[in-house]
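One structure is given below, encoded as structure tokens.
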Amino acid sequence: MIEVRHLTRRYGKNTAVSNVSFAIKPNEVVGLLGHNGAGKTTIMKMLSGYLEPNAGSIHIAGLDMATESRQIQQLLGYLPENLPIYPEMLLADYLEYAATLKRIPPKERMMAVRDVVLAADLEDRILEPIDTLSRGMRQRLGVAQALLGKPRLIIFDEPTNGLDPEQTDHMRRLIKQLARRATIILSTHIMQEVEAVCDRVLILNSGKLVLDETLQNLCCTSALRLRVCDGNPSLASYLGRLPQITKVVREANSEANQLSFTLNLHENSDPDTASNNITQCVVKAGARLYELKPLQRDFESVFREASAQESLAHAG
């Protein structure tokens, strides 16, 4: 769906985006992450055609942004962090105006507006002036205009900004529904949001892409957690002899008659084979298996590590 190659954008002497390349498949939900000033907004503006790159190329749905930006924008829905709106307009009038700008045919506009009003849960406010809306309601209006025309690519910049917990939950459900028919790029500072809706993350630091990985692979580690009832004291020794295990760490456990271990695996070990051998060791030691599962890292820790590694590289 999206192919970005060697994208660079400079503002005077400052390089906001430096030689960034990535590809996004149809119907993926991709988180675009990074600290303030990392280059996220600049990339989103280039993907929307609002900014031109100084170098590199952008292709969306087989179209070249350099020569076919108008056609690409017909496929695009974009919610910027600060949406320009007209406070004196009614919601219905604003959405009809946005539909006109998107060149939705007159006969289809009323139905198009109706669909996005329902999707953003705005039907009770449709005849109210925009300046009477709360911040959260304005954000939902921004989401509604982004959905006009059933875009194949939707870019959300901080979509839950100003939303209460119930509205945030509604937004996450909506993003998952939209992914059935559209590719979605989501920029947010909320790590729980990434974990809730994204398939993959792109992490930027100082204008460079420092990490591109699926969320599932990011949060997995090459370690297992084992919890058993207290059996033969030689269990740790048995485990340490397995060819798949590099290190056995016994954990402190306050529960009576239980032992817990962290088992680090060799990088190329098959987890299923390792799990089978570990289970046999437990049986051999006369213990009872309570738990054996992969250790997971929380995404916030992954984000910090990726950003810190790049910072250290710059410092060195």
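The values are calculated or read from the model by the stated rules, or taken from the named source; none is laboratory data. Because the structure is predicted, anything quoted here is derived from the model rather than measured. As a convention, Cβ positions derive from the backbone with ideal geometry for all residues, glycine included, and neighbour counts pool all protein chains shown.
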*Would the stretch 206-224 turn up any residue that is under 30 Å from Ala285 (Cβ atoms), touching an Asp or Glu at 6+ places or on another chain (Cβ under 8 Å) and of a type in the set (Lys, Arg)?*
no
Flagged in the stretch 287-299 as among the charged types (D, E, K, R) and either part of a helix (DSSP H, G or I) or at pLDDT below 80 (or both), in numbering order, are Arg297, Asp298
Q.
Tell me whether the stretch 80-88 contains one or more residues that are in the same structural domain as Pro151 (by TED's automatic domain parsing), in contact (Cβ under 8 Å) with a residue 60 or more places away in the chain and assigned to a helix (DSSP H, G or I).
A. no
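Based on what the data block shows, is Leu211 closer than 20 Å to Lys40 by Cα and in contact with a Leu (Cβ under 6 Å, 6 or more places away or on another chain)?
Details: closer than 20 Å to Lys40 by Cα: yes; in contact with a Leu (Cβ under 6 Å, 6 or more places away or on another chain): no.
Against the criterion (closer than 20 Å to Lys40 by Cα and in contact with a Leu (Cβ under 6 Å, 6 or more places away or on another chain)), Leu211 does not qualify.
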Looking across the stretch 124-179 at residues that are among the charged types (D, E, K, R) and touching a residue at least 60 places away in the same chain (Cβ under 8 Å), the single one that is farthest from Gly31 (Cα to Cα) is Arg152
query = Could you say whether any residue in the stretch 15-27 is farther than 26 Å from Phe299 by Cα, over 16 Å from the mean Cα position of the chain (by Cα) and surrounded by fewer than 23 Cβ atoms within 10 Å (Cβ to Cβ)?
reply = yes
With the first residue restricted to the stretch 261-273 and required to be over 23 Å from Ser237 (Cβ atoms) and not assigned by TED's automatic domain parsing to the domain that holds Val248, and the second required to be hydrophobic (A, V, I, L, M, F, W, C) and loosely packed, with under 11 Cβ neighbours inside 10 Å, Cβ contacts under 9 Å at 6 or more apart or on different chains are none
Those residues of the stretch 267-284 which are closer than 13 Å to Gly240 by Cβ and assigned to a loop (DSSP other than H, G, I, E, B) amount to none
(1) modelled with pLDDT of 75 or more; (2) part of a helix (DSSP H, G or I); (3) under 30 Å from Asn27 (Cα atoms); (4) touching a Leu at 6+ places or on another chain (Cβ under 6 Å) all hold for Val302 apart from (1)
Listed by range, strands (runs of 3 or more DSSP E) wholly within the stretch 200-242 having at least 3 residues that are modelled with pLDDT under 90 are 208-214, 220-229
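What about Gly162, is it outside the structural domain of Pro271 (by TED's automatic domain parsing), of a type in the set (Gly, Ala, Ser) and closer than 26 Å to Ile72 by Cβ? It would help to see each step written out before you state the result.
Numbers: outside the structural domain of Pro271 (by TED's automatic domain parsing): yes; of a type in the set (Gly, Ala, Ser): yes; closer than 26 Å to Ile72 by Cβ: no.
Answer is no for this residue.
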By residue number, the members of the stretch 36-72 that are more than 21 Å from Arg140 (Cα to Cα), within 23 Å of the chain's Cα centre (by Cα), among the polar types (S, T, N, Q) and surrounded by 15 or more Cβ atoms within 10 Å (Cβ to Cβ) are Thr42
Filter the stretch 73-94 for residues that are in contact with a Phe, Trp or Tyr (Cβ under 7 Å, 6 or more places away or on another chain) and surrounded by 19 or more Cβ atoms within 10 Å (Cβ to Cβ); the one that is modelled with the highest pLDDT is Tyr94
_Would you confirm whether or not the stretch 251-262 contains a residue that is closer than 30 Å to Leu209 by Cα and either assigned to a loop (DSSP other than H, G, I, E, B) or at pLDDT below 75 (or both)?_
no
